[in-house]
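What follows is a short report on a single structure.
Throughout, read-outs are computed from the coordinates displayed, never taken from laboratory work. This is a predicted model, so every value here is computed, not measured. Neighbour counts run over all protein chains shown; Cβ positions are idealised from the backbone, glycine included.
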Amino acid sequence: MSTHGEIKRVTTHTLQWMKQQGERISMITAYDFSMARIFDDAGIDVILVGDSASNVMAGHETTLPITLDHMIYHGQSVVRAAKRCLIVVDLPFGSYQGNSKEALNSSIRIMKEAGAHAIKLEGGLEVIESIRRIISAGVPVMGHLGLTPQSIYQFGTYAVRAKEEEEAERLIENAHELQEAGCFALVLEKIPASLGKRVAEALKIPVIGIGAGMHVDGQVLVMHDMLGITKDFSPRFLRRYLNLYDDIKEATGNFINDVKSRDFPNEKEQY
Ligand code: KIV
C-alpha cells in the first residue's frame with residue numbers, strides 16, 4: 001500500500017503512519033520554487049529546505065555561513081510551490097545553539113515568515129532544552145544525529161560517524177532523548193548501516209537516513225547530488241539518477257554554437 005495519490009497533504013502524522021505500515025519515506029532537499037514544484041508533483045513525501053543551500057546554492061565550503069534570513073527566503077520559495085508534501089526547514093548554525101529562547105524565536109520566524117510545517121536542527125542532549133521549548137510552542141521538530149555538518153570544525157572530517165561502540169551507544173542514547181522530547185522524526189547521517197538498523201528498530205518515530213543504510217524508515221538526498229549537478233562529490237551512499245552537469249553543459253554549448261552561427265533564432269522563432 002502506498003500513500004501516493006491518496007493524501008491531500010503529508011503531515012507528521014502521515015510519516016508516523018508510514019513507519020507503522022512499513023512504507024518507506026522519500027525526502028529530498030529543495031531550495032527554490034521551480035524544483036520544489038517538480039518534486040512535489042512527482043509525489044515526494046518530504047521536502048527539506050536544508051542548510052546545504054549554503055554549499056549547493058551559495059557556493060560556501062560549509063553550512064556555517066548561511067543565515068536565518070537566507071533560510072527563510074529559500075523556505076518561502078519552496079512553500080509557494082509544494083502543495084502536497086511536508087516542508088521542513090533547517091535552523092541554520094548560530095540560530096539556536098545560544099539558548100532555548102533564541103531557538104524558539106528562530107523557529108517561530110521560520111514557521112511564520114516561510115510558512116514551513118516543521119523545523120530541523122542538529123544535535124542531541126546539548127540542544128534538548130531548546131527542542132522541548134520549540135515543541136511546547138507547537139512547532140514540530142525533526143532531529144539530526146550522526147554526521148552533523150554544522151559541527152564540522154569539531155569533527156575535523158566528513159568521515160563515517162559512530163563506528164566505535166562507545167559513540168554508537170551515545171548516538172542511541174541521544175536518539176531516545178530526542179524521541180522523548182517529542183521530535184516527530186530523526187535524520188541519521190553517515191553512520192554504519194547496522195547502527196541505522198538498531199536506531200530505527202528501537203525508536204517509534206521515523207528514522208530517515210542519508211548514508212545510514214537500507215534498514216531505516218526513509219531516505220533523503222541532496223537534490224544536486226541525486227540529479228548529478230554536483231560533480232566532485234561521490235560518497236558511497238550516493239545514487240545519481242541523472243547526470244545533469246554534463247547534460248546542462250552540453251545543452252549550453254549547443255546554445256552558444258547556435259547563437260554564434262546565427263542559427264538561433266530562425267524565421268519561426270521571431271515576431
Ligand atoms: O542540509 C541538508 O541538506 C541536510 C541533509 C543532508 C539531511 O541536512
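Structure values in brief
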item: Those residues of segment 208-248 whose amide nitrogen sits under 16 Å from the label point placed on Leu64, 7 Å along Cα→Cβ; result: none
item: Segment 54-89 versus segment 209-271: alpha-carbon centroid distance in Å; result: 19
item: Residues listed by number, segment 104-133, amide nitrogen under 14 Å from Glu166 label point at 7 Å toward C-beta; result: none
item: J(HN,Hα) series, segment 126-138, from Karplus relation 6.51 cos²θ - 1.76 cosθ + 1.60, nearest Hz, glycine and proline x; result: 5, 10, 5, 5, 5, 4, 4, 5, 5, 5, 5, 8, x
item: GluC sites (Glu not before Pro) restricted to DSSP loop in segment 108-207 with at most 11 other C-beta within 10 Å; result: Glu164
item: Least to most buried among Val79, Val10 (fewest other Cβ within 10 Å first); result: Val79, Val10
item: Residues with amide H under 5 Å from that of Val187, placed H, sequence gap 5 or more; result: Gly143, His144, Leu145, Ile208
item: Leu221, Leu178 arranged by Cβ crowding within 10 Å, fewest neighbours leading; result: Leu221, Leu178
item: Added length on full extension, which subtracts the Cα-Cα distance from 0.36 nm per residue, Ile7 to Glu126; result: 39.2 nm
item: Most mobile listed residue (His13, His117, His215) in the chain, GNM with C-alpha springs under 10 Å; result: His13
item: Phi-based couplings in Hz for segment 169-183 (Karplus 6.51, -1.76, 1.60; Gly and Pro marked x); result: 4, 5, 5, 4, 4, 4, 4, 4, 4, 5, 4, 5, 6, x, 4
item: Inter-label distance for Asp246 and Met214, nm, one decimal - labels placed 7 Å from Cα along Cα-to-Cβ; result: 2.7
item: The chain: calculated mean residue ellipticity at 222 nm from DSSP helix runs of at least 4, using -39500 (n - 2.57); result: -12000 deg cm²/dmol
